[in-house]
Amino acid sequence: MAEISIRRLADVPHITPEELFATLRSDRPPLLLDWRGTTMIAETGPLAVPGTSSGETIKP
């Protein structure tokens, strides 16, 4: 089972922090979801990244 998880992780495209921030500054920034729970967000504060939305505020 661990092998399957490692293969799945390898299939996820990875970007550098510089690429992420360049994308966030673009005309069409991606939606970056913060899936931390309410308690963790209250303890540590919101992510200091423009364009971040809490996963709890997204309505299906």
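Residue-wise test of (1) of a type in the set (Asp, Glu); (2) modelled with pLDDT under 80; (3) in a strand (DSSP E or B).
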| position | (1), (2), (3) |
| --- | --- |
| Arg7 | no, yes, no |
| Leu33 | no, yes, yes |
| Thr39 | no, no, no |
| Pro60 | no, yes, no |
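Does the range 11-22 hold any residues that are open to solvent by 60 Å² or more (accessible area, probe 1.4 Å) and within 11 Å of Val49 (Cβ to Cβ), and which are they? The answer is Pro17, Phe21.
The values are calculated or read from the model by the stated rules, or taken from the named source; none is laboratory data. Keep in mind the model is a prediction, meaning the values are calculated, not measured. A quick note on method: Cβ atoms are made from the backbone with ideal geometry, for glycine too, and the neighbour counts reach across all protein chains shown. Keep in mind that these areas ignore ligands, DNA and RNA; they rest on the heavy atoms of the full protein, side chains included. Shrake-Rupley method; radii C 1.70, N 1.55, O 1.52, S 1.80 Å.
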